[in-house]
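Okay, handing you the structure first.
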Amino acid sequence: MEPCPNNEPSIKAGDVIKSEWPARAVVTAGMPYGNKPLHFGHIGGVFVPADAFARFLRDRIGAENVRFICGTDCFGSPINEGYRKLVEAGEFGGSIADYVQRNHDAQHATLDAYDISLSIYEGSNIGHSGEVHQLISERFIQKLHENGWLERRSTLQFYDTQADTFLNGRQVQGRCPVQGCKSEHAYADECDLGHSYAPEDLIAPKSSLTGTVPEMRPVDNWYFNLPAFSDFLKQHVAALEADPTVRAVVPQTIKEFLAAPIIFIKNDAREAYEALASRLPEHVLREAEKGKQSFEIEFADIDARDAARTVLAAAGIRFRTGKALVPFRITGNIEWGVRAPVIDGLEGLTVWCWPESLWAPMSFTMAVNDQMGLPRGSWRDFWCDEDACVYQFIGQDNLYFYGVAQPAMIEALKPGDIIAPGKTDTPVRQTKLIANHHILFGNKKASSSGAVKPPTADQLLDYYTVDQLRAHFLALGLDQRSVGFKPKPFDPDEKKRDDPRVADPVLKEGALLTNVFNRLARSCFYEAQKNFEGYMPLGAPSSAVVVKVNEVLRAYDDTMHRVELHTIMSIMDEFIRWANKHWTEGIRAAELEDNNELRRQVLLDSFFLLRTATLLMHPVVPSGCEKICDYMSFEFGDFFSWNYDFQGNDELCSASEIEDGRHRVRELPPRFDFFKKHPSQYR
């Protein structure tokens, strides 16, 4: 794995800031399917964390050097199935493209409402991105074939004889066959917990079209030879484990798929196994551990395991397979999808939604650079250069695709370039995965099909402000563990929901904004208006304040390098409260002593603390922070930047202002709130 680069920091504060950052960066958020609006898990688990990090990078390395990209995943069986159900129910009369566009528009509106600052949000079949994505998909697949990593395989696909049609992934449902998985929502070749398997291994399959048991019929498709990259992936995992900025769940999950191919057979089928063991490919038998219900047979490779599966199934022996590297499907025969290139005469195929969603961020980067008028090849500055890094925010359920299949496919592109034939000096670099654990609804995994429906992202805005929700989502600590989201207005327990004595956990971080941060900002502006003719005094802050500011800058930067966003919230909670205390104690002393010089110094210190807090909270609650910047009468591009010494506010001001010793700020109206409560929260 090529690590993300560590370039010289842009900040000028000498040895104050230790962390180093790439010259250019791409931040991606996992693509939502185009079959529904966004639920709170999309927003809180992926989009808000990704947005906070992207905003930080813009402030840290320059907005022109950052691309924050995402788009609607326009293809895939959930979309086909959702569209079919609506049409059959008479609830939708347009085309499937119209259906996706409608959901995309709703998603886009929700993202705007949550201040998600994407450089582009189109889709794999929407806008200029859709055009570019078709091109990239063709070239990516052709390159894998040219390099010898695609295999034409005849596999079995579910066929509904009553409906007389092949079934897509979500039109078949059964139980997951992977050993140890308890999922009851397993589809044709993957379950809702992220496990992949051969379709013929699905337990108790049923067609969602007719409710009948489908039969299996052979189809030809292209598969990526993922098992051939076992050694590469082992080296890749070792590099991830050695990198302290990589979350432990990433290498841990990848390693689960690097085990040898294993079949688990129930102990009560031991006699039947022994009767045909000699007909199986060479394997190693492992007895069942104490208390376990199955023994294991291990094979040298996946082909040997699959041959054994055929023999065992024919003999009526039930079994489960373990996680292992299996050929990764690239194409399918569903009509609604990205068109696959014709290779070796195999035509009429579309690209399976998972592989094309993995290279979609490249398409989006190219599309947004096109829109900016940059050369088509400028996407390489972000995906191929050694001083660039791609940060991908995903949910842990998708680590098989992003952590196993994607790194292997990126490695398989070498040598060469997916766009410029013959260009071999700029291979696509490996990305950095920022994998979050589950965000639960209460104490359970959220499910729109469950008995208790979780709120949509839009519904939450009927009870909370965007700033309150963003701050709470970032404080949850999803980088460490699965955490419950427990909004009081949606508590299933009606008594708790209506009891004014029961606190709302979602408002905990919001109190820092609406009470403490508001108080600090208002105090500075009202004092300037009352006693300093509407000016912010300039000069050298107190040494203790400069030390505190530089300490928090260093801690914040180091923490962002590890993308520990819940720790960022803890750092800022302590700092804003410290700044507020410094103001309160200082102004009280100045008033008791009737000391105007001390009053001026306290206000100068506090405006410097406010400026620092506003810069550092900008990724968390951008709207309110930009209001503070506006009232301080600074340009956003100058104010929201780390490219300063951070020894005072003079560095933001003109020479004449410095000479005059003051900077004009805007007049703040009475009882003004930079961070408001939601109207529903006022009694």
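The values are calculated or read from the model by the stated rules, or taken from the named source; none is laboratory data. Predicted, not measured: the structure shown is a model, and the values here were computed from it. Because the Cβ atoms are built from the backbone with ideal geometry, glycine has one as well, and the counts that use them run over all protein chains shown. Surface accessibility is based on the protein's heavy atoms, side chains included, excluding ligands, DNA and RNA. Shrake-Rupley method; radii C 1.70, N 1.55, O 1.52, S 1.80 Å.
Pairs only if they're at least six apart or on different chains, beta carbon under 7 angstrom, first in the range 201-213 and touching a residue at least 40 places away in the same chain (Cβ under 8 Å) and in a strand (DSSP E or B), second of a type outside the set (D, E, K, R) and open to solvent by 50 Å² or more (accessible area, probe 1.4 Å); list them, first residue then second.
Pro205/Val213
Here's something else I'd like to know. Got a sec? Which helices (runs of 4 or more DSSP H) wholly within the range 354-470 have at least 2 residues that are closer than 21 Å to Ile116 by Cα and open to solvent by 30 Å² or more (accessible area, probe 1.4 Å)? Before you say what the answer is, go through the steps one by one.
Working: elements: 380-383, 406-412, 457-460.
Counting at least 2 such residues, we get 457-460.
For the range 638-681, what are the residues that are among the β-branched types (Val, Ile, Thr) and out of contact with any Asp or Glu (no Cβ under 6 Å at 6 or more places or on another chain)?
Initially, the range 638-681 is screened for residues among the β-branched types (Val, Ile, Thr), giving 658, 665.
Passing the criteria: only Val665.
Looking at Phe92, Phe68, can you tell me which residue is hydrophobic (A, V, I, L, M, F, W, C), outside any helix (DSSP H, G or I) and more than 24 Å from Pro22 (Cβ to Cβ)?
Phe92
Next question. Please count how many residues of the range 548-593 are β-branched (Val, Ile, Thr) and within 25 Å of the chain's Cα centre (by Cα).
Summing the residues that are β-branched (Val, Ile, Thr) and within 25 Å of the chain's Cα centre (by Cα) in the range 548-593 gives 5.
If you don't mind, another one. Using beta carbons and a limit of 8 Å, which pairs, at least six apart or on different chains, have the first residue in the range 44-72 and within 17 Å of Glu626 (Cα to Cα) and the second one open to solvent by less than 10 Å² (accessible area, probe 1.4 Å) and of a type in the set (Lys, Arg)?
That search, which allows pairs on different chains as well, returns Ala52/Arg470.
Continuing with this model, one more query. Looking at the range 647-656, can you tell me whether even one residue there is modelled with pLDDT of 95 or more, out of contact with any Cys (no Cβ under 7 Å at 6 or more places or on another chain) and either closer than 30 Å to Pro487 by Cα or among the aromatic types (Phe, Trp, Tyr) (or both)?
no
Let me ask another. Take the residues of the range 656-683 that are open to solvent by less than 80 Å² (accessible area, probe 1.4 Å) and outside any loop (DSSP other than H, G, I, E, B): which is farthest from Asp467 (Cα to Cα)?
Ser656
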